[in-house]
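Undergrad: After the structure tokens below, expect a handful of questions from me.
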Amino acid sequence: MQTFFLYQYCFRVQYTTISCSFYSESDGSNVSKNNDDTRTDKTHESVTDSKLAEPNDANTSTINSQVDTRDDSTPSHEQERVEDDNATSKHNNAKKEVKKGGASASKHHESGVSPIVYSEDEPDLLEFLWEETAKKKLFNRLLGCTYGQALGDAYGLSTEFETRQSVDYNYPDRSKLIPFPKYVLTRHSQRWRRGDWTDDTDQWILILETLTETNNGEPDEVVFAKKLENWIRNGYPMLGDHGGMGLGANVSQVVHSGGYLLDPLRASETVWERGNRQAAPNGAVMRCSASAFVHYRDRAKVISTTMLLCKTTHFDPRCIASCLAVCLAITDLLNENFDQNDIESLINRVLKETIDILGASLSQEHRDLFLWHTDKERTLEDLDLDEPRSIGYTYKCLGSGFYGLRSTRSFEDTLHDLIRYGGDADTNGAVCGTMYGARHGYKALPYPWLRAMPFKKWFDTKLLQCLEQMQLI
Ligand SMILES: [Mg+2]
């Protein structure tokens, strides 16, 4: 099908927004050379990417009618990335003023020091945390959870939506790391500023904000829903955004359905039911560890918050199981309730707990698949991460996370091996990274890579505010 569409490029930049557009085809060839995946920019309605997971998705007709013109014989099941119409139209208006907060934040203070971007020799704002002798191990794990997420996301962007063959083409020497942030740009990755994280971490931050700004950290799905809807329209304007980039189709469908801001759970369930309960995308597991970050001291609250914020967009029990397994594991890691030499005990405990919580709502088939994807015998090859119909399946992302949790190699090697498989590499990288980071800590993350993230200072500031609200500093 030779449908032509307008493809919008937008860079998240500090001081300027570069926006240009061109026409391409909707068969996926627009994504990058040698790419045969199913990510496509499907319609003039600014659809950019698509992700598929499992066969027999009754969501196919719904999704296709809205965002996807893929061959009807292709079973659609999974997350698809769409670019919000509003965001795109805003991208076109490069002269549009950023919002008030953004305008002030994006300019240097009178002192000449930017509040969002570190200058080359500027020390990290987090430095003083390592002097807190009593808590530095905790801070190391908390920040490892956070920046493992952001860095895994940012590094994974380099091969997002690529096939393993196209990754081999761009990086033929497997013994060398894919460089960060100077990776080979693809049509997809060039939409972001080099080194930046994507929607996965943006939505992680939305959860952080929701839980630290509301009453005693009590989860409130309406607060989160409003933040999510606002992010879709505006992104983080202070970082140069004009809309949330990299949005998944499932989230888009849910947020744009009637009554979402009044009753997000009902809207989410309706979309899931309309899809014949087939869709189980990774759009919730990719952001979930923020709930463990905030509530790690209260396991019951981790469980209730994780389930609620998952269901706010993803109602399928497989999505909930994925979020629970990740958050329960991270809760144990943050509390040091594990043995570094026996990580399997933690994993077995968490998998069993997840299954017990979900009970009969998780079918035997889905329970078996849950255990298959998280089994210690599972290899990255087994996960088949670039299989075009299922790259965004929540269990693949979950499997990537447990691969990261089990790793005792360096962060760079662990993530590199993962993202060479392409597929939904930023999302797989985010969950792999957050689990790796919660176990091994912030200090195990490569500092030059951390500093290559253009908006680390902004994130550091936000995290320090959060730690203060959590009464840790
Ligand atoms: Mg992303």
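Each value in this text was obtained by applying a stated rule to the coordinates, not by laboratory testing. A quick note: this is a predicted structure, and the numbers were derived from the prediction, not measured. Glycine also receives a Cβ, built like all others from the backbone with ideal geometry; neighbour counts cover every protein chain displayed.
Undergrad: Show the residues, 5+ positions off or on another chain, whose built amide H is closer than 5 Å to the amide H of G243.
TA: HN-HN under 5 Å from G243: G235, Y236.
Undergrad: Would you tally the net charge around L380, using a Cβ to Cβ cut-off of less than 15 Å, leaving L380 out, and scoring K and R as +1, D and E as -1?
TA: Values: positive: R164, R174, K376, R378, K396, R406, R409, R420; negative: E162, D168, D375, E377, E381, D382, D384, D386, E387, D413, D417, D424.
The answer is -4.
Undergrad: Could you sort the peptides 224-235, 439-450 by per-residue average Cβ neighbour count (10 Å cutoff), highest mean leading?
TA: On the way: 224-235: 20.2, 439-450: 18.3.
By packing density, highest mean first, the sequence is 224-235, 439-450.
Undergrad: Each residue of segment 239-254 in turn: what ³J(HN,Hα) in whole Hz from Karplus with 6.51, -1.76, 1.60 and θ = phi - 60°, glycine and Pro shown as x?
TA: Each residue of segment 239-254 in turn: 9, x, 6, 10, x, x, 8, x, 4, x, 5, 4, 4, 4, 4, 5 Hz.
Undergrad: If you take the square roots of the eigenvalues of the alpha-carbon gyration tensor of segment 127-469 and sort them as a ≥ b ≥ c, do you get rounded (a/c under 1.5), prolate (a/b over b/c) or oblate?
TA: It comes out rounded by the Cα gyration axes.
Undergrad: Now for a different question. Output the peptides 238-249, 359-370 sorted from most to least packed, where packing is the average of other Cβ atoms within 10 Å over each peptide's residues. Walk me through the intermediate numbers first.
TA: Values: 238-249: 25.0, 359-370: 13.7.
So the order, starting with the most tightly packed, is 238-249, 359-370.
Undergrad: Quick check on my link table: of K182/K456; K301/K352; K352/K462; K227/K457; K135/K443; K136/K176, which ones sit more than 25 Å apart, alpha carbon to alpha carbon? Mind dumping the intermediate values first?
TA: On the way: K182/K456 17 Å; K301/K352 18 Å; K352/K462 34 Å; K227/K457 22 Å; K135/K443 14 Å; K136/K176 33 Å.
Among K182/K456; K301/K352; K352/K462; K227/K457; K135/K443; K136/K176, the Cα-Cα distance tops 25 Å for K352/K462; K136/K176.
Undergrad: Give the relative contact order (percent, whole number) for segment 127-469; include only Cα pairs under 8 Å separated by 6+ residues. Intermediate values should be presented prior to the final figure.
TA: Numbers: 591 pairs, mean separation 108.8, N = 343.
Normalised by residue count, the contact order of segment 127-469 is 32 percent.
Undergrad: Residue by residue through segment 371-381, which ³J(HN,Hα) values in whole Hz follow from phi under the Karplus form 6.51 cos²θ - 1.76 cosθ + 1.60 (θ = phi - 60°), with glycine and proline marked x?
TA: Residue by residue, segment 371-381 yields 6, 4, 6, 10, 5, 5, 7, 5, 10, 4, 4 Hz.
Undergrad: Report, by chain and number, residues whose modeled amide H sits under 5 Å from the one on G248, excluding near sequence neighbours (fewer than 5 apart, same chain).
TA: For G248, the qualifying residues are V82.
Undergrad: What is the sum of charges, Lys and Arg at +1 and Asp and Glu at -1, for the other residues whose Cβ falls under 12 Å from the Cβ of Q465?
TA: Details: positive: K462; negative: E209, E213, D460, E468.
For residues surrounding Q465, the net value is -3.
Undergrad: So how do 304-311, 404-411 stack up, highest first, on mean other-Cβ count within 10 Å? List each step's numbers first, then the result.
TA: Numbers: 304-311: 23.9, 404-411: 19.2.
Highest-to-lowest ranking by the protection proxy: 304-311, 404-411.
Undergrad: Under the classification rounded if a/c is under 1.5, otherwise prolate if a/b is larger than b/c and oblate if not, where does segment 139-237 fall, given a ≥ b ≥ c as square roots of the Cα gyration tensor eigenvalues? Could the numbers behind the result be given before it?
TA: On the way: a/c = 3.28, a/b = 1.99, b/c = 1.65.
In terms of gyration-tensor shape, prolate.
Undergrad: How much space per residue, in cubic angstrom, does the convex hull of the C-alpha atoms of segment 310-461 take up? Intermediate results must be reported in sequence, preceding the final value.
TA: Working: hull volume 20.2 nm³, N = 152.
It comes to 133 Å³ per residue, whole-number rounded.
Undergrad: Count the net charge of all other residues whose Cβ sits under 12 Å from the Cβ of G433, scoring Lys and Arg as +1 and Asp and Glu as -1.
TA: Values: positive: R439; negative: D153, D200, E412, D426.
Counting the neighbours of G433, the net charge comes to -3.
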